[in-house]
Amino acid sequence: MKIRPADAADLPAVQRIVNDAYTKYIARIGKPPGPMNDDYAALIRAHQVWVMGDPVAGAIVLLPEPDHLLLDNVAVDPAAQGQGVGRALIEFAEAEARRRGFGELRLYTHETMVENIALYARTGWAETGRAEQNGFARVFFSKPLPT
C-alpha cells in the first residue's frame, strides 16, 4: 500500500480511523486520548499528515522539531490491524526523518497503553522518561537514526 500526503478529501477517513483506533483507551485513561482532540483539518493543511491505503487504512502525523522529528500520532483502522500498516507507517517516519536530515525520531504514548510501550521497546525505541504533559501521564521514547 502506498503512503502519501493527506489532503482535504482524506479528513473524514483520518478522523474516523483516529476515533476508532483510540476509543478503546478512553476507559483506561478516563478521558479521550490526546490524538482524539487534535485538529486534523489544520494538520492536513500544514502538510503534517500522511495516509496509507486506498481506502485509507492508517494515518501518521509527523511534526518537525528543531533537533528531531516527532512521531505525534500513528493510527491504524482496527479492521487493518495486524496487516503491517502500523509498521510501514513507522518505517516511513524513520525514512522521512532521515530525508529531512534528522538523526533522531521521538514519540510518546500514554502510560496505560502498555501494548504500545512493549511494541516500541521491542522495535528499537529507548524510553527516555515519564512525565505529566497536557494532562496526560506520558512515556517518552527516542530512536536514533543511523545515516
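The values are calculated or read from the model by the stated rules, or taken from the named source; none is laboratory data. For clarity, every value in this text was computed on a predicted model and none was experimentally measured. Quick reminder, even Gly has a Cβ in these numbers, built from the backbone with ideal geometry, and neighbours come from all protein chains shown.
This table checks each residue for (1) in a helix (DSSP H, G or I); (2) at pLDDT below 95; (3) closer than 18 Å to residue 88 by Cα; (4) among the basic types (Lys, Arg).
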residue	(1), (2), (3), (4)
9	yes, no, no, no
16	yes, no, no, yes
23	yes, no, no, no
27	yes, no, no, no
35	yes, no, no, no
41	yes, no, no, no
47	no, no, no, no
55	no, no, yes, no
59	no, no, yes, no
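All but one of (1) assigned to a strand (DSSP E or B); (2) over 23 Å from residue 88 (Cβ atoms); (3) touching a residue at least 60 places away in the same chain (Cβ under 8 Å) hold for residue 112; which doesn't? The one condition residue 112 does not meet is (1).
Residue 53 fulfils the conditions (1) surrounded by 12 or more Cβ atoms within 10 Å (Cβ to Cβ); (2) more than 19 Å from residue 10 (Cα to Cα) except for a single criterion, (2). A single member of 17, 60 is touching a residue at least 60 places away in the same chain (Cβ under 8 Å), within 27 Å of residue 117 (Cα to Cα), of a type in the set (A, V, I, L, M, F, W, C) and buried (at least 16 other Cβ atoms within 10 Å of the Cβ), and it is 17.
Cβ-Cβ contacts under 8 Å between residues 6 or more apart (or on different chains), taken from a first residue in segment 115-141 that is in a loop (DSSP other than H, G, I, E, B) to a second residue that is among the hydroxyl-bearing types (Ser, Thr, Tyr), are listed as 125/142.
For residue 126, the conditions (1) within 22 Å of residue 34 (Cα to Cα); (2) surrounded by 12 or more Cβ atoms within 10 Å (Cβ to Cβ); (3) modelled with pLDDT of 95 or more; (4) of a type in the set (Gly, Ala, Ser) all hold with the exception of (2). In segment 97-118, what residues are aliphatic (A, V, I, L, M), in contact with a strand residue (DSSP E or B) (Cβ under 8 Å, 6 or more places away or on another chain) and surrounded by fewer than 19 Cβ atoms within 10 Å (Cβ to Cβ)? The one that is aliphatic (A, V, I, L, M), in contact with a strand residue (DSSP E or B) (Cβ under 8 Å, 6 or more places away or on another chain) and surrounded by fewer than 19 Cβ atoms within 10 Å (Cβ to Cβ): 117. Considering (1) in a loop (DSSP other than H, G, I, E, B); (2) aromatic (Phe, Trp, Tyr); (3) in contact (Cβ under 8 Å) with a residue 60 or more places away in the chain, the lone condition that residue 102 does not fulfil carries the number (3).
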